[in-house]
Amino acid sequence: MSHEKVFDNWGVPSLEAVLDARERRVARKQRLVETYNANVIAFTMNIPGPVKNTPCISACFFSGIEALLIYMKEHDLTEVEEYLLSTGPEGYFIFPVTASQWAVKRKLVTFEEDHPIGRWFDFDVMDSTQRAITREEIGAKPRRCFLCHDSARNCGRNRSHSVEELVAYTEETLNNYLQMEGKGVFNETSRDFSAGSK
């Protein structure tokens, strides 16, 4: 598995870096489809606010990977690439073309909805023809807002909540999850976890 560990900037990525990261994610998925002749899952963190990666976010990301591989065991997922970037952590998985990409997407949506911090997980599925499988396509409901029962899209469009509210709720929820799970905080020099805060 390929790892690109970038720990020198946990701060605010530039707009250019965020836009470039989006393009690179699409290119990586396309490359993996071609390389492995397989369906691809891209796993990122859905983090509000300008800061997209911290030791806490990375710890939750790795916890998500552990839970995902167990939850999706029957679909023969294989993690092939992993990147820790200031624009957010990214994990890439492949699964056989013989598997139903729609069934996998449905199960991933259920995982997002049922996991304690699943609403901060974002799974994109690209099939072997390089077509993205959307939530709408499988009849799934839109993502809910972190703070209320409306859709995240509506709240974002209406600016129903401040960025500060969303960030504070995210930090509290993710930190509480790590404490409950006894995960500790990600150690920036390895893929291990260390107890306490950095």
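The values are calculated or read from the model by the stated rules, or taken from the named source; none is laboratory data. These numbers come from a predicted model, not from an experiment. FYI the Cβ positions are ideal-geometry reconstructions off the backbone, even for glycines, and counts take in every protein chain you see.
Below are the figures for this structure:
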{"item": "Any hit, the stretch 26-33, residues being modelled with pLDDT of 95 or more, part of a helix (DSSP H, G or I), surrounded by 20 or more Cβ atoms within 10 Å (Cβ to Cβ) and β-branched (V, I, T)", "result": "yes"}
{"item": "Among (1) out of contact with any helix residue (DSSP H, G or I) (no Cβ under 8 Å at 6 or more places or on another chain); (2) touching a residue at least 24 places away in the same chain (Cβ under 8 Å), the one test that P48 misses", "result": "(1)"}
{"item": "Complete set of residues in the stretch 75-113 that are farther than 30 Å from G11 by Cα and part of a helix (DSSP H, G or I)", "result": "H75, Q101, W102, A103, V104, K105, R106, K107, T110"}
{"item": "Test: residue in the stretch 71-82 that is touching a Gly at 6+ places or on another chain (Cβ under 7 Å) and under 21 Å from W102 (Cα atoms)", "result": "yes"}
{"item": "Scan of the stretch 123-153 for residues that are over 20 Å from M45 (Cα atoms) and surrounded by 11 or more Cβ atoms within 10 Å (Cβ to Cβ), ordered by number", "result": "D127, S128, Q130, R131, E137, I138, D150"}
{"item": "Some residue of the stretch 52-70 being in contact (Cβ under 8 Å) with a residue 24 or more places away in the chain and farther than 18 Å from I117 by Cα", "result": "no"}
{"item": "Residues that are under 24 Å from T170 (Cβ atoms), modelled with pLDDT under 95 and either in contact with a Ser or Thr (Cβ under 6 Å, 6 or more places away or on another chain) or not in a loop (DSSP other than H, G, I, E, B) (or both), drawn from the stretch 115-153", "result": "P142, R144, S151, A152, R153"}
{"item": "Considering residues of the stretch 16-30 that are among the basic types (K, R) and free of Cβ contacts under 8 Å to residues at least 24 places away in the same chain only, the residue nearest to K52 (Cα to Cα)", "result": "R22"}
{"item": "Among the candidates I47, I41, I70, residue that is in a loop (DSSP other than H, G, I, E, B) and modelled with pLDDT of 95 or more", "result": "I47"}
{"item": "Test for N158: is it more than 13 Å from N46 (Cα to Cα), modelled with pLDDT of 90 or more and not hydroxyl-bearing (S, T, Y)", "result": "yes"}
{"item": "Of all residues in the stretch 66-101 being of a type in the set (D, E, K, R) and within 15 Å of the chain's Cα centre (by Cα), the one that is surrounded by the fewest Cβ atoms within 10 Å (Cβ to Cβ)", "result": "E66"}
{"item": "Tally of residues being within 26 Å of N53 (Cα to Cα), in contact with a helix residue (DSSP H, G or I) (Cβ under 8 Å, 6 or more places away or on another chain) and not charged (D, E, K, R) across the stretch 109-132", "result": "11"}
